[in-house]
Amino acid sequence: MTDYVNLTHGERRAFDGILSYLTFLDSVQTCNVPHIKNSVTAPEIALCMAEQISQEAMHNQSYQYIIETVIPSGRRTHVYDFWRRDRVLKQRCEFIARLYQKYVDNPTPENYFVSLLADYLLEGLYFYNGFIFFYNLSSRMLMSGSADIFRMINRDELSHVRLYQKLIPEAMQIFPHSREQIYEMFAIAVEHECKWTGHIVGDDILGITTDSTEQYTKYLANTRLKAIGLEPLFPEAIYKKSPYAHLERFSDTKKEANTKANFFEASVTSYVMSSSVEGWDDF
């Protein structure tokens, strides 16, 4: 809490907004992935998705712990309700939810593919500007305990990305779709991510700019497209490398991060590696 109250106004606003957004992302996945899983017949894939659902619930538990222990009591409701009060974030969340709700309301093969691709975009694109923000703070010796928690969550999300990188190419062979549709969904996702991150972070945080946000988001989109066998959407050389390579080392769970790399080896307490955040045993 000491670090939190010493953040600048812009840093606290970004901390609150990004935490609210990430909470929404994992909340919606907890509700959506079971709908996708219900149509999966391969037992090994169903098991992976069951693990994902469990992890998403644990992530939400982690976000709640941060809110309840780091953020002053008078400000917690503000964080929980941020997505309702902030117009840009509300529009962002409603757009994501509509893609999933379309399949729930009308479970056609076409809508299943859209929902599956929306999952991939969520797991592979939407989290990472938020993670970078927390790693940026940690690199400046701020909110290090929170960054440790996000490091473990980051590791889980990357395992989910890997799952969908296997599923999407198979789904492309089975379900009705077009490459133009995939590229359009990626383009919209990049546009929305840049708009949201520009709104909540902008150029107010040391080490992050709207230009670096755009470069990083487009770099991620190119990387995720390549992983499913498609050409990059943004072929310019600048979008072939990450502007945050110096911060991505914070998520390296096998080296500097010093975090257990296998989820099944970890417990709830493994989400906190710093003594600056305590109380997980009671939680």
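The values are calculated or read from the model by the stated rules, or taken from the named source; none is laboratory data. Given the structure is predicted, the values throughout are model-derived calculations rather than measurements. For neighbour counting, all protein chains shown are included, and Cβ atoms are generated from backbone atoms with ideal geometry for every residue, glycine included.
Quick look at the values:
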{"quantity": "Test: residue in segment 167-187 that is of a type outside the set (S, T, N, Q), out of contact with any helix residue (DSSP H, G or I) (no Cβ under 7 Å at 6 or more places or on another chain) and closer than 30 Å to GLY10 by Cα", "calculated": "yes"}
{"quantity": "Unmet requirement for ILE53, which otherwise passes all of (1) over 17 Å from the mean Cα position of the chain (by Cα); (2) β-branched (Val, Ile, Thr); (3) part of a helix (DSSP H, G or I)", "calculated": "(1)"}
{"quantity": "Given (1) at pLDDT 95 or above; (2) in a loop (DSSP other than H, G, I, E, B); (3) among the hydrophobic types (A, V, I, L, M, F, W, C); (4) surrounded by fewer than 14 Cβ atoms within 10 Å (Cβ to Cβ), index of the condition ILE208 fails", "calculated": "(4)"}
{"quantity": "Residue among GLU170, GLU110, GLU94, GLU180 that alone is surrounded by fewer than 20 Cβ atoms within 10 Å (Cβ to Cβ), in contact with a Pro (Cβ under 6 Å, 6 or more places away or on another chain) and in a helix (DSSP H, G or I)", "calculated": "GLU110"}
{"quantity": "Residue satisfying all of: in segment 1-28; β-branched (Val, Ile, Thr) and surrounded by 16 or more Cβ atoms within 10 Å (Cβ to Cβ); farthest from PHE127 (Cα to Cα) among these", "calculated": "VAL28"}
{"quantity": "Matching residues in segment 95-142 - criterion: being of a type in the set (A, V, I, L, M) and without any contact (Cβ under 8 Å) to a residue 24 or more places away in the chain", "calculated": "LEU99, MET141"}
{"quantity": "Given (1) at pLDDT below 95; (2) touching a Lys or Arg at 6+ places or on another chain (Cβ under 6 Å), index of the condition TRP196 fails", "calculated": "(1)"}
{"quantity": "Selection count where residues are more than 23 Å from LYS166 (Cα to Cα), over 17 Å from the mean Cα position of the chain (by Cα) and of a type outside the set (S, T, N, Q), scope segment 203-240", "calculated": "12"}
{"quantity": "Check on ILE67, part of a helix (DSSP H, G or I), in contact with a Lys or Arg (Cβ under 6 Å, 6 or more places away or on another chain) and at pLDDT below 95", "calculated": "yes"}
{"quantity": "SER54 at pLDDT below 90 and exposed (fewer than 15 other Cβ atoms within 10 Å of the Cβ)", "calculated": "no"}
{"quantity": "Checking LEU142 against (1) aliphatic (A, V, I, L, M); (2) part of a loop (DSSP other than H, G, I, E, B); (3) surrounded by fewer than 16 Cβ atoms within 10 Å (Cβ to Cβ), the condition it does not meet", "calculated": "(3)"}
{"quantity": "Count of residues meeting criterion [farther than 20 Å from LEU25 by Cα and in contact with a Ser or Thr (Cβ under 9 Å, 6 or more places away or on another chain)] in segment 105-163", "calculated": "6"}
{"quantity": "Whichever residue in segment 190-205 is in a helix (DSSP H, G or I) and without any contact (Cβ under 8 Å) to a residue 40 or more places away in the chain and, among such residues, is nearest to ALA14 (Cα to Cα)", "calculated": "GLY198"}
{"quantity": "Single residue of SER251, SER242 found to be small (Gly, Ala, Ser), crowded, with 17+ Cβ neighbours inside 10 Å and at pLDDT 90 or above", "calculated": "SER242"}
{"quantity": "Residue list for segment 16-57, filter: of a type in the set (A, V, I, L, M, F, W, C), touching a helix residue (DSSP H, G or I) at 6+ places or on another chain (Cβ under 7 Å) and under 25 Å from VAL79 (Cβ atoms)", "calculated": "ILE18, LEU19, LEU22, PHE24, LEU25, VAL28, VAL33, ILE53, ALA57"}
{"quantity": "Criterion: assigned to a helix (DSSP H, G or I), under 15 Å from ASP16 (Cβ atoms) and free of Cβ contacts under 8 Å to residues at least 40 places away in the same chain - qualifying residue of ARG75, ARG84", "calculated": "ARG84"}
